[in-house]
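J.: Sharing a structure with you now.
The values are calculated or read from the model by the stated rules, or taken from the named source; none is laboratory data. The model shown is predicted, which means the values in this text are computed figures rather than measured ones. Glycine gets a Cβ as well: all are built from the backbone with ideal geometry, and neighbour counts include every protein chain shown. Only protein heavy atoms, including side chains, enter the accessible area calculation; ligands, DNA and RNA are left aside. Shrake-Rupley method; radii C 1.70, N 1.55, O 1.52, S 1.80 Å.
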Amino acid sequence: MKSVITCLRIAAACAALIFATAGHAAPIRVALYDDAGAAGQGVPKVAEILGDPAHFQVTIFKAADVTAALEKADVVFFTGGSGSKQGNAIGEAGRAEVQRFVRAGGGYVGICAGAYLACSKFSWGLGLLDAQTVSNKWRRGVGNVQMEFTPAGEKVVGLPAETREVKYANGPIIKPAGRDDLPPYEPVAFFRTELAKNDTPVGVMVNSPAMVQSTFGKGRVFISSPHPEQTPGLEKTIEHAARWTAGRTSP
């Protein structure tokens, strides 16, 4: 029996060596939140986009399992729905676990509600970014708007610095929060048009950040106010964001 186990261990080691020398990196381990506050097509779309098992290993987790999920992850995703419900669902202990995970070198990707969740100055937020919303009136509307990627953003999202149409659904409009303990965020894309329904402030969305990147401790943070995962032609943004926050480059 011992000889059989020894042979299996040798075979596994040889396989790992062959895999490594062939230039193949291990799949990026993605923890994808799907519980209270996660709504719409965000979770299934992200799971579909990151569905290649050669490059990504996606694990969907519930609020109660956040600690266990992060122990086996390189990147955590929070998608659209309600940021406050997501933050309250994982609770104070869960929020502390996400902070610890990113501070230690993990990646964070937040889309719409998940972008709100990453911001500062919310009692239920994670405070991963030196960012706050410009107004508490968030029901700006749902529809397509124009967004322009920055030259710096090209390296993150893998798309040229040009204007593209993107689905928007009440995502956060942000500005710096003035925190001295966090670095300033870097815009990856800017809104060039806006929606301003339901008595929301007019003019504040145009030329404000649509996507930003930053760091939190040793980890990387990427948020998107609009929904590239639900916009034809922009789906690759999600894959590139996962790679960038995980500290990987595109294959």
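J.: Given a cut-off of under 8 Å on Cα pairs at least six residues apart, what relative contact order in percent is computed for segment 187-234?
T.: On the way: 58 pairs, mean separation 15.3, N = 48.
Averaging sequence separation for qualifying contacts and normalising by length gives 32 percent for segment 187-234.
J.: I need the P(r) histogram for segment 158-232: all alpha carbon pairs, bin width 10 Å from 0 out to the longest distance, whole percents.
T.: 17, 48, 29, 7
J.: Which residue fluctuates most in the GNM of the chain (Cα springs below 10 Å): Val76, Val134, Val188?
T.: In this elastic network of the chain, the residue with the biggest mean-square fluctuation among Val76, Val134, Val188 is Val134.
J.: Once phi is turned into ³J(HN,Hα) by the Karplus curve 6.51 cos²θ - 1.76 cosθ + 1.60 with θ = phi - 60°, what whole-Hz value does each residue of segment 174-179 show in order, with x for glycine and proline?
T.: Result, rounded to whole Hz: 10, 8, x, 9, x, 7.
J.: Right, next: Taking amide H atoms as placed 1.01 Å from N in the peptide plane, list the residues 5 or more away in sequence, or in a different chain, whose amide H sits under 5 Å from that of Phe56.
T.: Amide H to amide H, under 5 Å and 5 or more residues apart or across chains, Phe56 pairs with Ile28.
J.: Over the Cα atoms of the chain, compute the convex hull volume and normalise it per residue, giving Å³. If you can, show how the numbers build up before the last one.
T.: Numbers: hull volume 33.2 nm³, N = 251.
Once divided by residue count, the hull of the chain is 132 Å³.
J.: Classify segment 113-251 from the C-alpha gyration tensor, please: rounded if a/c falls under 1.5, else prolate or oblate depending on whether a/b exceeds b/c. Could you put the intermediate results ahead of the total?
T.: Numbers: a/c = 1.81, a/b = 1.09, b/c = 1.66.
It is oblate, given that a/c is not under 1.5 and a/b is not larger than b/c.
J.: Among the listed pairs Lys85/Lys137; Lys62/Lys167; Lys62/Lys155, give every one whose C-alpha distance is greater than 24 Å. Intermediate values should be presented prior to the final figure.
T.: Values: Lys85/Lys137 17 Å; Lys62/Lys167 26 Å; Lys62/Lys155 32 Å.
Those over the limit are Lys62/Lys167; Lys62/Lys155.
J.: Rounded to the nearest 0.05, what FRET efficiency do Ser135 and Ala25 have when you use their Cβ-Cβ distance and R0 = 35 Å? Present the calculation step by step, with values, prior to reporting the outcome.
T.: On the way: r = 42 Å, r/R0 = 1.21.
With R0 = 35 Å, the Cβ-Cβ based efficiency is 0.25.
J.: Same structure, new question: Residue by residue, what Karplus-based ³J(HN,Hα) values in Hz, rounded to whole numbers, does segment 191-205 have, using 6.51, -1.76 and 1.60 with θ = phi - 60° and x for Gly and Pro?
T.: 6, 10, 9, 8, 10, 8, 8, 6, 6, 7, x, 8, x, 6, 7
J.: Let me ask you something else. In a GNM of the chain with a 10 Å cut-off on Cα contacts, which of Ala31, Ala113, Ala196 has the highest mean-square fluctuation?
T.: So, out of Ala31, Ala113, Ala196, the one fluctuating most is Ala196.
J.: Quick one: give the max-minus-min coordinate of the C-alpha atoms of segment 33-98 along each principal axis, largest first, in Å.
T.: Projected onto the principal axes, the Cα atoms of segment 33-98 cover 35, 27, 13 Å.
J.: With a sphere of radius 13 Å drawn around the Cβ of Gly91, what net charge do the other residues whose Cβ falls strictly inside it have (Lys, Arg +1; Asp, Glu -1)?
T.: Numbers: positive: Lys62, Lys85, Arg95; negative: Asp35, Asp65, Glu92, Glu97.
So the surrounding residues net to -1.
J.: Calculate how steeply helix 2-21 sits against the longest principal axis of the alpha-carbon atoms of the chain, using the helix alpha-carbon long axis, and give the answer as 0 to 90 degrees to the nearest 10.
T.: The angle comes out near 50 degrees.
J.: Whose amide H sits under 5 Å from the amide H of Phe216, counting only residues 5 or more places off or on another chain, with H placed in the peptide plane?
T.: Those lying under 5 Å, H to H, from Phe216 are Val221.
J.: Say R0 is 25 Å: what FRET efficiency, to the nearest 0.05, do Lys62 and Ser84 get from their beta-carbon distance? All intermediate terms of the calculation are to be shown ahead of the outcome.
T.: On the way: r = 18 Å, r/R0 = 0.70.
Rounded to the nearest 0.05, the efficiency is 0.90.
J.: Based on the alpha-carbon gyration tensor of segment 199-251 and its eigenvalue square roots a ≥ b ≥ c, which shape applies: rounded if a/c is under 1.5, prolate if not and a/b is larger than b/c, or oblate? Spell out each step's value before the answer.
T.: Details: a/c = 3.49, a/b = 1.52, b/c = 2.30.
Because a/c hits 1.5 or more and a/b fails to exceed b/c, segment 199-251 counts as oblate.
J.: While we're looking at this one, here's another question. Quick one: grab Rg to one decimal and Dmax as a whole number for segment 40-168, Cα atoms only, in Å.
T.: Spelled out, the Cα radius of gyration and Dmax of segment 40-168 are 15.5, 42 Å.
J.: Summarise the accessible area of segment 106-251 (1.4 Å probe, protein heavy atoms) by the percent that is carbon and sulfur. Write down the numbers at each step before the final one.
T.: Working: 2910 of 5870 Å².
Accessible surface attributable to carbon and sulfur in segment 106-251 totals 50 percent.
J.: Express the relative contact order of the chain as a whole percentage, based on alpha carbon pairs under 8 Å and six or more residues apart in sequence. List each step's numbers first, then the result.
T.: Numbers: 575 pairs, mean separation 47.6, N = 251.
Relative contact order comes out at 19 percent.
J.: Also: Based solely on its DSSP helices, what 222 nm [θ] is calculated for the chain when runs of n ≥ 4 H residues each add -39,500 (n - 2.57) and the sum is averaged over all residues, nearest 500 deg cm²/dmol? Display every interim value, and only then the final one.
T.: On the way: 7 runs with 78 residues, N = 251.
Using -39500 (n - 2.57) per qualifying helix, the result is -9500 deg cm²/dmol.
J.: Among Tyr116, Tyr33, Asn136, whose Cα sits farthest toward the positive end of the charge dipole of the chain (+1 at Cβ of Lys/Arg, -1 at Cβ of Asp/Glu, about the Cα centre)?
T.: Farthest towards the positive pole: Tyr33.
J.: How would you classify segment 123-170 from its alpha-carbon gyration tensor, with a ≥ b ≥ c the square roots of the eigenvalues: rounded for a/c under 1.5, else prolate if a/b is greater than b/c, otherwise oblate? Kindly include the intermediate steps, with their values, before the conclusion.
T.: Values: a/c = 2.94, a/b = 1.36, b/c = 2.16.
The shape class here is oblate.
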